[in-house]
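The values are calculated or read from the model by the stated rules, or taken from the named source; none is laboratory data. Since the model is a prediction, treat every value here as computed from it, not as a measurement. All Cβ positions, glycine included, derive from the backbone under ideal geometry; neighbour counts span all protein chains shown. Note: areas computed on protein heavy atoms with side chains; ligands, DNA, RNA excluded. Shrake-Rupley method; radii C 1.70, N 1.55, O 1.52, S 1.80 Å.
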Amino acid sequence: MKANLASICVAAAALMSACSGEAPAPESAASTNAQGAAAVNAERLLNADKEPGSWLTAGRTYEEQRYSPLDQINDTNVKELGLSWYADIDTERGQEATPVIVDGVMYLTTAWSMVKAYDIKTGAKLWEYDPDVRKNKAADACCDVVNRGVAAWNGKIYLGALDGRLIALDGKTGKLVWEKQTTDTNLPYTITGVPRIIKGKVIIGNGGAEYRVRGYVTAYDAETGEQAWRWWSVPGDPSKPYEQPELAEAAKGWKGDFYWKIGGGGTVWDGMAYDAALDTIYVGTGNGNPWNQSIRSPGGGDNLFLASIVALDPNTGKYKWHYQTTPGETWDYTATQPIMLADLNYPEGKRRVVMQAPKNGFFYVLDAKDGKLISAEKFAPLTWATHVDMTTGRPVEIPEARYEVTGKPHIVAPAALGMHNWHPMAFNQETGYVYIPVQVSANSYAGPKEFKLNLEGTNTGTDFSGGAALCAAPGAKCGNIESYILAWDPVKAKEVWRVPNEVYGSSGILATSGNLIFSGNHKGEFNAYNATTGEKLWTAPTQARVVAAPSTFMADGKQKIALLVGARGLPDNQIRTNAYSANNSRLLVFQAGGEAKLPTEMPAIDPAKLGVRIDPPLLTANNETVFAGEQAYAANCAMCHGPNAVPGAGSIAPDLRYSGLLPIRNGWNPTVRGGDRAQRGMPAFEAVLPVETTDAILAYVIKRANDEKAEQEAALKKSQ
Ligand code: CA
């Protein structure tokens, strides 16, 4: 896709010289820096606090506290913040990346694993890179075609692409240096997480534990892409030698022979942190595959290393210790959420700790050296356990929560998306608080009447409609309940304050030394709060839902805050103002006295810039089937997905014409009929629609996608 300088020009009125159409990118700090672009090394990463004006890695430092020592913007002057410049993003799915800022350049990823680089002074786009992920790969992504950002090292920018490639780009030009397939392309693995770079090795995990994969994390040589080590999170085929000695031990807590055939799960898809003094990398592992433990491991067992924080040697990948948050995981309770290292001041002295607020709702503090549990308290109203037994370190479960053991549906909090998901939390070294984006939910869990392996779609081993009667009962609380920013004292293991969100949903958090925390929300705002009290001090409109976390940096002697916005549909009462993104995806940069304004109406679309974006399968169904599908679509689907398969302003669900499931009937039907995406709001139509009808709806949507393709091709032709 081509650069969209026009929108930057509107924003950067004071910088018009940088915005003369498609002129070559202006001089940036990158091109004048003697070291060149993205010249990050171990020295710089270990001393990140000595250059607080940069933001060298997604979590800012190896400790991943997302805490900036900058205080030029602080609780006394934050009211002066205004939009400095912005750039339109040309994708319209979730934007989850934290901008990385190094040597005068800002690097970020967007949906579809695309990378963009901007001059931090002018906002001019320096280069962009599209790895051309095949669009039907979307069918393998449980939770959208997202990406959480890049890593910078020795002149290169690294990203993991949705299709499992690890990619190294030239930091100055965006040109491909090397790429490596890190996954078996026959399996539904995906990458959405950020690569970490430790002593010249790029560490990358992957996702897919809703489908049928076995989790692992791999290290590659940053210069050559050669594999250095791989650590598997769950045991494989027991008839073959185990790759690691601890897997033989772990296998004793697995039953039957289905788990290793389906992969077992435990994917390392997000949280990691590195302690340089202990030379240890901490990784979080995901849920079981399938979720339902009685199918995965009939008879139970701990199922290590699912839902665990695991300490590894970054040089060799050798296991050091683990802490399992949810033994025998059966509710999709991953421990892949962000991991953070800190020195906490306990009354008895300072302790080096690992902290995590995983899906299951307990806030864990572990000793970074040996994994010893220091505290585990509820940060949200979970109902699957009463507490964590501090002598055994194990949760004390409520027996009814194990639907797969009792055979009875039960309402459990949280639901599968967790009390906290991937949205970054932050730690303020001065207040001593951790700021967590909390999302409270509950749902009924039930086993299926019969489990059939699905080779194309998800395999949760649960029946989302199985407990519908429980949720429908008077007084029952199911679904999304409330969300808020929580200030948590990790030493006292207690809540300090909370700020409720008006619109349900989580957004990443930035903490700064200006006694501030910054976070977007789903109402379409970017806010600053007093880090000590939670008092709201500043707000700006984003025209989009926000899920990503901000970062902060210095340019021209001024502190700036960068935030990527855009996720799902538009906020209520917000019109579309980005010609190239239906959810107003944008990069926003703020500074004191910033006077740029976001557009208030939809600009004209240049078809040449859009190109042909849709890639549907050929329509093979006959006219009668398509017509039957049209009728059924209008009656059952149009309310949420829009009339004629085109989402309108009031549509709450995605544009099905772009669905990655269109080429995969065996993925379409489990979603439409079987409720594979029920946790994301797509109900199961099995009881309502016969399979002929859902097949006909598929044919109709394919027809509408091909109509759109023809329109896009015609528009492009006309513009050339
Ligand atoms: Ca999961």
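Do the conditions hold for Asn521, that is, is it open to solvent by less than 40 Å² (accessible area, probe 1.4 Å) and under 25 Å from the mean Cα position of the chain (by Cα)? The answer is yes for Asn521. Checked against (1) within 16 Å of the ligand (Cβ to nearest atom); (2) crowded, with 21+ Cβ neighbours inside 10 Å, Ile262 meets all criteria but (2).
Tell me whether segment 292-303 contains one or more residues that are among the β-branched types (Val, Ile, Thr) and open to solvent by less than 10 Å² (accessible area, probe 1.4 Å).
Applying the first criterion (among the β-branched types (Val, Ile, Thr)) to segment 292-303 yields 295.
Next, only the ones that are open to solvent by less than 10 Å² (accessible area, probe 1.4 Å) stay: none.
No, that holds for no residue.
When each of Gly300, Gly288, Gly328 is tested for being touching a helix residue (DSSP H, G or I) at 6+ places or on another chain (Cβ under 6 Å), more than 14 Å from the ligand (Cβ to nearest atom) and closer than 23 Å to Val396 by Cβ, the lone residue that passes is Gly328. If you go through segment 149-158, how many residues are within 11 Å of the chain's Cα centre (by Cα) and surrounded by fewer than 24 Cβ atoms within 10 Å (Cβ to Cβ)? Total satisfying the criteria: 0. With a requirement of 1 or more residues that are within 19 Å of the chain's Cα centre (by Cα) and modelled with pLDDT of 95 or more, the strands (runs of 3 or more DSSP E) lying completely within segment 160-224 that satisfy it span 165-170, 196-198, 201-204, 216-221. The residue that is nearest to Gly479 (Cα to Cα), among those in segment 684-714 that are open to solvent by 30 Å² or more (accessible area, probe 1.4 Å) and in contact with a Ser or Thr (Cβ under 8 Å, 6 or more places away or on another chain), is Ala684. Scanning segment 332-368 for residues that are over 19 Å from the mean Cα position of the chain (by Cα) and not in a strand (DSSP E or B), which turns out nearest to the ligand (Cβ to nearest atom)? Checking each candidate, the answer is Ala368.
Which residue, of Asp257, Asp270, is within 16 Å of the ligand (Cβ to nearest atom), among the charged types (D, E, K, R) and in a loop (DSSP other than H, G, I, E, B)? Of the residues listed, the single one that is within 16 Å of the ligand (Cβ to nearest atom), among the charged types (D, E, K, R) and in a loop (DSSP other than H, G, I, E, B) is Asp270. How many residues does segment 55-75 hold that are within 17 Å of Ile561 (Cβ to Cβ) and either open to solvent by 20 Å² or more (accessible area, probe 1.4 Å) or in a strand (DSSP E or B) (or both)? Count: 9.
Selection within segment 450-477: residues that are in contact with a Gly (Cβ under 8 Å, 6 or more places away or on another chain) and open to solvent by 30 Å² or more (accessible area, probe 1.4 Å). The member of this set that is nearest to Ile411 (Cα to Cα) is Cys471. Beta carbons closer than 6 Å, at least 6 apart along the sequence or on distinct chains, pair a first residue in segment 125-151 that is within 22 Å of Ile101 (Cβ to Cβ) with a second that is acidic (Asp, Glu) for Leu126/Asp119; Val146/Glu96; Arg148/Glu96.
For Tyr282, are the conditions met, namely being away from the ligand (no atom under 16 Å from the Cβ), buried (at least 24 other Cβ atoms within 10 Å of the Cβ) and within 19 Å of the chain's Cα centre (by Cα)? Break it down stepwise before answering.
Values: away from the ligand (no atom under 16 Å from the Cβ): yes; buried (at least 24 other Cβ atoms within 10 Å of the Cβ): yes; within 19 Å of the chain's Cα centre (by Cα): yes.
So Tyr282 fits the description; yes.
All conditions but one from (1) under 27 Å from Cys142 (Cβ atoms); (2) surrounded by fewer than 19 Cβ atoms within 10 Å (Cβ to Cβ) apply to Phe627; the one that does not is (1). Cβ separations smaller than 7 Å between residues 6+ apart or across chains give the following pairs from segment 255-269 residues that are on the phi > 0 side of the Ramachandran plot to residues that are more than 13 Å from the ligand (Cβ to nearest atom) and among the aromatic types (Phe, Trp, Tyr): Gly266/Phe305. Just one of the listed residues (Thr173, Thr182) is in contact with a Leu (Cβ under 6 Å, 6 or more places away or on another chain), under 18 Å from Thr109 (Cβ atoms) and without any contact (Cβ under 8 Å) to a residue 60 or more places away in the chain, namely Thr182. Within segment 225-242, the set of residues being farther than 30 Å from Phe451 by Cα and either open to solvent by 80 Å² or more (accessible area, probe 1.4 Å) or not in a strand (DSSP E or B) (or both) comprises Gly225, Glu226, Gln227.
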